[in-house]
Every structure is written in C-alpha cells, then in structure tokens.
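This report refers to the structure that appears directly beneath it.
The values are calculated or read from the model by the stated rules, or taken from the named source; none is laboratory data. Since we're looking at a predicted model, the values are computed, not measured. When we count neighbours, we look across all protein chains shown, and the Cβ atoms used for this are built from the backbone with ideal geometry, even at glycine.
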C-alpha cells in the first residue's frame, strides 16, 4: 500500500504508558493518551483495563484531562490514580475497580507525583508537596545551588516533595521531614517504604541521591548506602524475603555519564555491588511518540533474580540477572524497543514498539509465551503504512578503532531526486535503532530515504564505546557521523543524491558542527542545539556538570579549548542553508545558544538562515510539546528540505 502520512496524522496517534498489574494477574491497567483537537489542541489520558486472557478492554476513568499512575489496592478492589481533572496540580483519586465514580482523596497544595498502597489496603503512601510555591511577586529570587533550574520545571521548587500517608477517608499525615525532595517511592509487601533523596541541599544541588528506608512504625527514615557521594540512585526495590535491595545508579559512581546499572545491597544497608556490568539498564532507544510514565526500575523475580531493561545495540528488552553469579537472560529477542515494564506473580506487562509500529501493551506469562493486549494504534498503522527499518548495517570507523551501526527507512515511493536525510540522535548517551519515530516516518512518506545510526558516545555498546568521546566531543564522533553518511550514500540507489541533515540536543550540536566543517549537505535543520560551550556551562541546567564530562574542561581553566570545540568557532565557514528550531523555555540547551548562532549567521550572510522560536516550550517540544506546536515544527522541517533540495553530487 502507498503511505498516506501527513503532519496532521500525529493528532490521531495514541500512546500507551504506565502499566499496572491487577492482583491475581487477570488484568493490566494502562494510561492511554490521545490528542483532543481543541483550540489549542491538548493531551488527555484515560485509564483502560485489558484482560490478560482475552485482551478485552474497558475504559475505567473519564479521561477528560490527564488520568495517570494507576495503582490497584492489595485486595484488588480499589483503583487509585492521579488526575488533574479539578484543575491545578494532580491529586489522588480512588474508585471501585469494578466500576463507579471516582472521588478525590488528597488536597496537597503542591500536588502529588507518586503513590503506592500500603499492605493493609486502607492507606496509601504518596509523594507530594504540602505547600504551594510562594507567590511570585516580581521581587528578586535568592539562588544558593548550581542546579537551580530544570528543564520542564523552570525554577526548581523551594518546597521539598515529601512522603505522606493518606487514609481512604482522606486523612493525610506527613511521614518524613527532610530538607530535600523524595522520589522513586517503593512499598514492599511487609510495609517497608523505600525511596531516594539527597542528604543535604548541597548534595541535591549536584544531583546526588541515596537510598532511604522507612520501616513500619519508625519515627524517621534512615539512609542505607555506606559510601561517600557521589551516588545518583533511583528506583529501589526490596526483595520478597526482605533481605536485599536492588536499585539503579551509574555503573561508575565517579562518572555520571557511565552506563546506568543494577546495583545490589543488603536491606539493612551496606556497600552496594554492581550486578550488570557494562549493560545500559534504562530504556534509551530513541522515539518521539511516547507520552506518560514508562516504569523501568529493577523488579524482583523471586528472591534470587532481578528483572530490568537491557538496552543493547539499538534494541531494548526485559532481562533477568541472577544475583549470585550475575548471569543475564534476555526475555525477548532484539529488533524492538521495550520502553517500560512491571512484573508481579510471574507475569510481566510491558510496553513495546518497533520502527514501523507505535507502542502497544504486551504481557509475558509464566510459560514464557508473549501476547499483545492493546491495539490502540492498529487502525492508524493500517491507514498510514509506516515502513520498517532496513537491516542493521555495520561499518568500521575511519580510525579503525570501532564498528558503528546504522539503519535506513526506505520510502515506498522515492522522490525524483532520490534525496536522503541523515538524523543524528541526542544524548550523546542515547541510541537510535528500533524505536518508532513519527518524524522519520513522515520524511519517508515524503519520499526521503532516512538514515540514522549510532556514532561513538552512544549507549548500548559498552562502557568503552560510550566513554570514548569524553573530552573529545566533536572529533571522533563527528568522524563517525560522516562515515555513516558517506557509507549510506554509497549504498544508496543513487549515490550522488543530495543528503540533508538534522538532529536535536547533542544531535543539534553535531549538526551545527558539521555545517561548519563541511558543505556536503544540501540543507540542515538544527534543533534545541548547542553552539557555544563557554556560555553553555553557566546557562544550562546541567551545564556545570555535563560540560566537564563531555569536553574535559571548564571555562576558566581552558577557554581556548572550549572555544575550539564550539560550533561558533566555525560560523564564518557555514554556507549550508540552516533552519534553527528552538524553544524559549529550554533549560537543557538554553535558547541563547540558538540566538548566538542565528545572529552571527545572519550578519555574515553567507547562507540562507531562519530561526523558528517556540514560546512556553522546553527541551521536549518534539515529543511532548503542545500538539499544534509539534505540527508546526514538523511542517517547518519538511518545508526547509523541500525549499533547499540541493543538487546531485559525484558518488
């Protein structure tokens, strides 16, 4: 069939997220997000239950706004969830699982972000803020920490998120008093509450988080990890026999950029040990059609093994690691992107997607058989006919020190000029592969051959591969991107066809860098990008730590070196038509990075240049921004490539 994909078809995609298994295993509840075509369009999420035997589905909540984080009581009778249906921040609601009206349970001024049932079933533990942020009266703001803004948040809240117990009667009681925020709530079957939090505001200012334990009846929680920071822990989980705790943290605590691994420690505290070696244990395969929460923390499978997500070579799957000998078993074959999972009673419920199929809900039974439960995007796939990525292509790097992989989306009906588009992923410690990308499918539907791969610095290929660009950003990684581009062109049906390039975040940096050192691309679109490492250090929410990792320097010690690594250094050499797309509330790659680049190129006047700015959006515009802004962005990318098609080159 001929694909019919257009920009507006983004509005009819649905996203399945946040699976929760019903006790007994006869059902899985998920949050299904759709786009309401109001003015302006908006997201709305409903909770839907899927029968694990028949696949029958039943909508449980109204879904008029955002209903998320389903959580079923231990007796399987009551559903708790978060919703913003009353306006303002999300609060806890409860309703009978077999049907009925939902009632609001909490009224925390700062809202609720997490929830879990206590074993008794008559109370929940929630993470929320008991006070709203002080009203902004336009006066000065006193800043004391380096990490004072966060993308998607703005100024970080001054009121810490803390633990509260909430009765089914709505009575709310604070459980802990810490100066820092609590997150990653886990309630064990024996009533033990685990979470992560920093010890001090200074620790929180540098991202450090430790594992804490609150025993039933205890007056205060206690930290468990017997090692000095830095530790950036997340997702703690207590084993069924209550003897051990698994959690996630960078495999090298001294390098926060190192692959995130599964760690193990005694339940009463101690020195943790790494279980998973060099495997990336978080879902890192790129995609742009996910909305909601995708749980991926370590989950106990009995007392002797832990389930986790293994991210390897452009694929991700649920895997099992034995705690005694570290032997790892993959539960699914490569060729897909598992984006989140939960497990209980031998049943694994997970969300998964592929290059030609948006995410759906699956279950894996105790017998190892796998079934797909949801079919929320089947009609969309049948109508629009997304194309599958071609086989993985591996090629040696220019310096013969590594092997890099890439894939292509080949259009059903190619353009007359047989043009290609090179996509560069962000991160850099993420990966392209078998995730679903609406943007890439749209380009393929317009006749472009889309090329996407994993230069050194990316995730899923081991520690040495990801760390190889440390201090060398813009060198061997740029060579790898060009190796992918030229190899794909050489294998293309028309080797001389024009090639365009685009990327976001780190991919935007790489786009900026490449157009300053080569004119081989017909046109380029740089998105949420980096152009100047010197100013990035103090303006990005992560600049003060991330920049040092990636470049090996800080501005006051090596300004010349940082300038040499900055795309702005080569701005007078840019002749490639360049569209700059950036969001004004992006705190990860601040908009000043785009402003510097745009003004310099406009003054120089050597290349066509435009700047598309989006108000009230952050770094995640392309994935979860306001729907009409996402549409405008996609239209602008396609229009730019078509406006500057380039000409054929010698093969």
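Values computed for the structure shown
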read-out	value
Among the candidates 458, 471, 453, residue that is free of Cβ contacts under 8 Å to residues at least 40 places away in the same chain and either closer than 26 Å to residue 279 by Cβ or touching a strand residue (DSSP E or B) at 6+ places or on another chain (Cβ under 8 Å) (or both)	458
Qualifying strands (runs of 3 or more DSSP E) (wholly inside segment 350-414; at least 3 residues being more than 22 Å from residue 292 (Cβ to Cβ))	393-396, 403-409
Any pair with Cβ under 7 angstrom, 6 or more apart, that starts in segment 34-58 at a residue that is over 24 Å from residue 10 (Cα atoms) and ends at one that is exposed (fewer than 14 other Cβ atoms within 10 Å of the Cβ)	49/58
Count - residues of segment 88-119 that are farther than 15 Å from residue 175 by Cβ and over 26 Å from the mean Cα position of the chain (by Cα)	16
Matching residues in segment 397-413 - criterion: being in contact with a helix residue (DSSP H, G or I) (Cβ under 8 Å, 6 or more places away or on another chain) and under 21 Å from residue 279 (Cβ atoms)	402, 404
Any hit, segment 223-241, residues being within 24 Å of residue 116 (Cα to Cα), surrounded by 20 or more Cβ atoms within 10 Å (Cβ to Cβ) and modelled with pLDDT under 95	yes
Restricting segment 505-517 to residues that are within 13 Å of residue 422 (Cβ to Cβ) and touching a helix residue (DSSP H, G or I) at 6+ places or on another chain (Cβ under 7 Å), the residue that is surrounded by the fewest Cβ atoms within 10 Å (Cβ to Cβ)	514
Test: residue 478 is touching a strand residue (DSSP E or B) at 6+ places or on another chain (Cβ under 6 Å) and in contact (Cβ under 8 Å) with a residue 12 or more places away in the chain	no
Residue list for segment 66-117, filter: assigned to a loop (DSSP other than H, G, I, E, B), over 24 Å from residue 157 (Cα atoms) and in contact with a strand residue (DSSP E or B) (Cβ under 7 Å, 6 or more places away or on another chain)	73, 74, 77, 97, 101, 102
Residue list for segment 379-420, filter: more than 23 Å from the chain's Cα centre (by Cα), under 28 Å from residue 468 (Cβ atoms) and crowded, with 24+ Cβ neighbours inside 10 Å	420
Residue count for segment 583-600, restricted to those that are part of a helix (DSSP H, G or I), surrounded by fewer than 22 Cβ atoms within 10 Å (Cβ to Cβ) and in contact (Cβ under 8 Å) with a residue 24 or more places away in the chain	3
Any hit, segment 223-232, residues being farther than 30 Å from residue 105 by Cα, within 21 Å of the chain's Cα centre (by Cα) and assigned to a strand (DSSP E or B)	yes
Complete set of residues in segment 175-206 that are part of a loop (DSSP other than H, G, I, E, B) and surrounded by fewer than 16 Cβ atoms within 10 Å (Cβ to Cβ)	177, 179, 189, 190, 191, 200
Single match in 272, 298, 358 (criterion: in contact (Cβ under 8 Å) with a residue 24 or more places away in the chain, crowded, with 16+ Cβ neighbours inside 10 Å and more than 20 Å from residue 234 (Cβ to Cβ))	358
Residues (over 21 Å from the mean Cα position of the chain (by Cα) and closer than 13 Å to residue 342 by Cβ) located in segment 4-39	21, 22, 23, 25, 27, 28, 29
Considering residues of segment 317-336 that are touching a strand residue (DSSP E or B) at 6+ places or on another chain (Cβ under 7 Å) and over 23 Å from residue 236 (Cα atoms) only, the residue surrounded by the most Cβ atoms within 10 Å (Cβ to Cβ)	336
Residue check for residue 416: within 21 Å of residue 14 (Cα to Cα) and out of contact with any helix residue (DSSP H, G or I) (no Cβ under 9 Å at 6 or more places or on another chain)	no
Scan of segment 216-259 for residues that are without any contact (Cβ under 8 Å) to a residue 24 or more places away in the chain and in contact with a strand residue (DSSP E or B) (Cβ under 8 Å, 6 or more places away or on another chain), ordered by number	231, 249, 250
Residue list for segment 13-35, restricted to those being farther than 18 Å from residue 443 by Cα and either in a loop (DSSP other than H, G, I, E, B) or in contact with a helix residue (DSSP H, G or I) (Cβ under 9 Å, 6 or more places away or on another chain) (or both)	14, 22, 23, 24, 25, 26, 34, 35
Conditions (1) touching a strand residue (DSSP E or B) at 6+ places or on another chain (Cβ under 6 Å); (2) assigned to a helix (DSSP H, G or I); (3) surrounded by 19 or more Cβ atoms within 10 Å (Cβ to Cβ); number of the one not met by residue 580	(2)
Residue within segment 153-166 that is within 30 Å of residue 344 (Cα to Cα), under 22 Å from the mean Cα position of the chain (by Cα) and in a strand (DSSP E or B) present	no
Any hit, segment 302-316, residues being assigned to a loop (DSSP other than H, G, I, E, B), crowded, with 20+ Cβ neighbours inside 10 Å and on the phi < 0 side of the Ramachandran plot	no
Qualifying position, being surrounded by fewer than 20 Cβ atoms within 10 Å (Cβ to Cβ) and on the phi > 0 side of the Ramachandran plot, among 24, 63	24
When residues of segment 449-494 are limited to those that are out of contact with any helix residue (DSSP H, G or I) (no Cβ under 7 Å at 6 or more places or on another chain) and assigned to a loop (DSSP other than H, G, I, E, B), the one surrounded by the fewest Cβ atoms within 10 Å (Cβ to Cβ)	493
